[in-house]
Amino acid sequence: MKDKNQKAETTYIKALLPLHMPGPLTYIWPYDKEPPKRGTRLLLPLKNRQIIGISWGIDDSPKEGIRYREVAKVLDETPLLTEKLTRFIAWASSYYFYPLGQAMGEALPSELISARAKGAKRIARAKAGPGRSRLELLAWEEARITRFTPEQDRAISVISKDISSRAFSPILLFGVTGSGKTAVYIEACKSALKEGRGCLVMVPEIAMTAQLASRFTKAFGENVAILHSGLTPAQRRDQWWRLRMGKCKVALGTRSAIFCPINDLGLIVVDEEHDPSYKQEERFRYNARDLAVMRAKMEGATVVLGSGTPSVASFFNAKSGRYRLLELTQRPSGAVLPAVEIVDRRGRKGKGPAANKKERDEPKWLSQELRNAVEETLSRGEQVLLFLNRRGLATYVFCPACGYVFKCDECDVILTWHRRNRAVFRKKVEEDSGRAGPGLLACHYCGKALPALPVCPKCKNPTVKTSGFGTEKVAEDLVQAFAGITVARMDRDTLTSRKKMEGVLRAFRSGRIDCLVGTQMVTKGHDFPNLTLVGVIWADMSLNVPEFNASERTFHILSQVAGRAGRAKKPGRVLIQTYMPSHYSIQKAATHDFEGFYLREVELREKLGYPPFSRLINLKFSGRKKSNVELAAEKTLKFLKGLSGSGSSFSILGPVPCPKGRIKSRYRYQLLLKGKLSQIRNLTAAVDKASQSLLPGGVRLEIDVDPINFM
Ligand code: ADP
Ligand code: ZN
């Protein structure tokens with residue numbers, strides 16, 4: 001009798017764990033007080049360890065006959081996640097077909113949640129709430145804005161009105177680089193704060209947060225929280241809690257900031273909204289730009305997507321009236337857009353015996369036009385930026401005797417030769433006794449590396465050859481080709497920390513560096529007053545990939561990099577070297593003609609039925625046994641065909657092997673669904689549900705909703 005009573009009185013609660021499982025688990029609530037609200041962190045026993053989970057409400061129908069375990073500890077007095085935020089994360093989890101507990105785990109910084117015993121122990125000991133860590137902020141000197149342009153005024157007043165209306169309002173702010181968008185963002189934030197509402201400002205990369213952060217800190221002081229992966233764990237935890245406790249109301253951060261807690265969110269800004277870095281390309285494959293629109297909708301907030309070269313998708317939405325379009329057409333600083341010249345590289349034979357001595361000594365990536373422009377720029381005491389979206393010294397290493405090509409033995413990818421920075425690669429190889437050795441042959445996908453340059457493993461020929469070039473080669477060549485030049489490189493190999501990156505940016509800004517060579521990192525957001533020449537070394541690189549959005553990506557990269565030249569009073573000049581001089585991506589970027597590019601691109605997309613005229617979901621299969629991966633993809637195809645009675649409003653493409661057919665020893669296949677979102681979502685949900693029976697052992701299915709990368 002007594003036993004029965006006790007059973008009736010026991011309270012059970014549900015908790016989400018940051019692990020691959022479909023839903024919450026049930027635990028016994030062992031305390032006398034009320035169980036915690038949804039969104040509170042708990043320390044929970046799991047098998048023989050303890051991990052951190054999120055409370056998910058009361059379980060009023062626990063299953064009979066199961067011996068549930070007890071909650072070990074409650075970590076938060078105030079739930080870490082607000083009710084609104086939990087609902088938003090739940091929406092994202094279901095939209096992207098990613099398990100809710102895991103989505104929670106990825107939405108929160110790893111200093112606040114962990115499925116690992118050690119991490120959980122550390123977190124459980126830490127105090128919940130803001131600590132005392134501080135951020136060091138860079139100060140960029142900047143002229144005060146005395147008067148806004150009429151276009152800025154209008155944008156500010158429209159956005160402010162929308163914020164105070166408390167209704168969902170999506171806006172596309174279309175303005176070339178330097179047109180004063182950032183100034184508009186800052187004013188819009190002020191309006192939101194005046195209404196007592198919070199703001200979230202997102203930028204694509206850390207490289208950009210430093211500069212923007214100093215402008216925002218100048219405007220809002222202690223009211224700004226900064227969130228990106230370059231912070232220390234303690235800093236990141238503190239920034240989160242400061243927002244959660246309402247100690248600051250403006251958050252500035254990269255992609256993952258979309259999940260940060262802000263009370264009464266009134267404004268979300270997505271700067272450079274076209275940037276592919278907003279898409280996370282692993283595990284939880286969300287797009288923070290798209291989520292920003294959804295979060296704003298759920299919060300009754302205004303969302304401002306800003307860009308000088310909007311994404312085709314957002315511009316399409318603006319043209320069709322789903323977003324309001326605001327334009328900034330002038331540059332208030334008076335700077336004119338740089339003159340862009342296309343340098344046709346076709347018909348150049350390279351360094352054959354016929355070439356004269358001068359040509360033979362010239363680096364093969366350097367045209368006469370670019371050489372002259374660099375010389376002229378340097379002689380005026382101005383600076384040069386060279387862009388090439390590929391790292392390394394040589395991008396192709398082969399044996400001239402037997403034709404062997406060096407590839408990663410775990411990935412289907414050719415190896416790149418690097419001279420320095422061995423620390424960034426995964427496998428350390430024996431040091432060559434401190435000499436400046438010839439470096440490493442490294443895999444850019446898994447980081448595995450061999451000492452360079454090795455003997456051919458097939459025919460034992462000791463002198464293998466190299467070909468192709470990356471940023472490392474360009475930087476080395478420059479020092480040879482231009483006497484007395486100071487060169488710095490900015491790519492993932494050199495910028496292993498935020499400090500290093502800021503050091504390079506500061507040195508370039510102050511004029512201690514003549515020429516900066518870099519990958520995509522250099523193209524974003526920086527403002528260098530004395531930079532007047534930008535050279536694009538090989539523009540076609542991003543065009544020659546089998547992806548429906550290759551032209552869009554190329555146009556964006558070229559426009560972005562061109563925008564770096566001549567941002568201040570001095571006029572800028574841009575040289576684009578290409579073998580495809582008449583391609584519209586290159587032509588339209590050269591004439592700063594976004595709308596011209598857009599019209600060509602949507603025409604093609606419509607003809608082929610690609611987004612925005614359809615939606616895509618990519619089903620990606622991978623595993624160590626090729627035959628099993630193939631089988632899984634084929635079975636899924638058959639399953640889908642069996643489901644779809646009226647298959648007119650969608651199509652299935654594939655399955656085909658991915659262009660990178662194997663990565664980290666896993667074979668990869670993909671099957672692309674194209675059509676109406678509701679329909680392809682239903683199909684995907686069915687596959688997801690049946691995945692147990694569709695996937696042979698060892699095969700993994702990853703679902704990529706609204707994919708942009710098909711490699
Ligand atoms: P974007 O974000 O569109 O690239 P910014 O807001 O960074 O543009 O503005 C570019 C430059 O012009 C900055 O140096 C900024 O201080 C300046 N600027 C912006 N608005 C004005 C204005 N109304 N009057 C004078 N200078 C301005
Ligand atoms: Zn590899």
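The values are calculated or read from the model by the stated rules, or taken from the named source; none is laboratory data. The structure presented is a predicted model; accordingly, all values stated were derived computationally and were not measured. Glycine also receives a Cβ, built like all others from the backbone with ideal geometry; neighbour counts cover every protein chain displayed. Protein only, heavy atoms only, side chains kept; ligands, DNA and RNA dropped before computing areas. Shrake-Rupley method; radii C 1.70, N 1.55, O 1.52, S 1.80 Å.
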Task: Mean separation of Cα contacts under 8 Å (6+ apart) over length of region 234-299, as relative contact order % - done: 28 percent
- [ ] Just the number, please: percent antiparallel of the DSSP beta bridges in region 7-125, rounded to the nearest 5.
- [x] 95 percent
- [ ] Would you work out what percent of the accessible area of the chain, with all protein chains in place, is carbon or sulfur (probe 1.4 Å)?
- [x] 51 percent
Open item on the list: Give me the percent relative contact order of region 615-705, please, defined on Cα pairs under 8 angstrom at least 6 residues apart.
Closed with: 50 percent
TODO: Just the number, please: percent antiparallel of the DSSP beta bridges in the chain, rounded to the nearest 5.
DONE: 50 percent
- [ ] Please give the per residue accessible area of the chain, computed with a probe of 1.4 Å over protein heavy atoms only, in Å².
- [x] 45 Å²
Task: Check: the chain dipole with +1 on Lys, Arg Cβ and -1 on Asp, Glu Cβ, in debye - done: 1800 debye
Open item on the list: Nothing charged except the Cβ atoms of Lys and Arg (+1) and of Asp and Glu (-1): what's the magnitude of the dipole of region 150-328 about its Cα centre? Round to the nearest 20 debye.
Closed with: 480 debye
Open item on the list: With a cut-off of 8 Å between alpha carbons and a minimum separation of six or more residues, what is the relative contact order of the chain in percent?
Closed with: 11 percent
- [ ] Taking amide H positions as placed in the peptide plane 1.01 Å from N, state which residues far from Val201 in sequence (5 or more) or on other chains have amide H under 5 Å from it.
- [x] Ala251, Leu252, Gly253, Val269
TODO: Mind grabbing the accessible area of Ser164 for me, 1.4 Å probe, Å², rounded to tens?
DONE: 50 Å²
Open item on the list: Return the equivalent ellipsoid semi-axes of the chain as a descending list in whole Å, where each equals the square root of 5 times an eigenvalue of the C-alpha gyration tensor.
Closed with: 44, 33, 27
Task: Nonlocal amide H pairs with Cys658, under 5 Å, H built at 1.01 Å - done: Arg668, Tyr669, Gln670
- [ ] State the antiparallel share, in %, of DSSP beta bridges confined to region 150-328, rounding to the nearest 5.
- [x] 5 percent
TODO: Over 20 Å between C-alpha atoms is what I'm after, so list which of Lys14/Lys37; Lys626/Lys664; Lys500/Lys569; Lys364/Lys465 land there.
DONE: Lys500/Lys569
TODO: Please give the calculated 222 nm ellipticity per residue for the chain, where each DSSP H segment of at least 4 residues contributes -39500 (n - 2.57) and the sum is spread over every residue; nearest 500 deg cm²/dmol?
DONE: -9500 deg cm²/dmol
TODO: Would you kindly state how much longer the chain becomes between Asn544 and Arg132 on full extension, computed as 0.36 nm times their sequence separation minus their alpha carbon distance, in nm to one decimal?
DONE: 143.3 nm
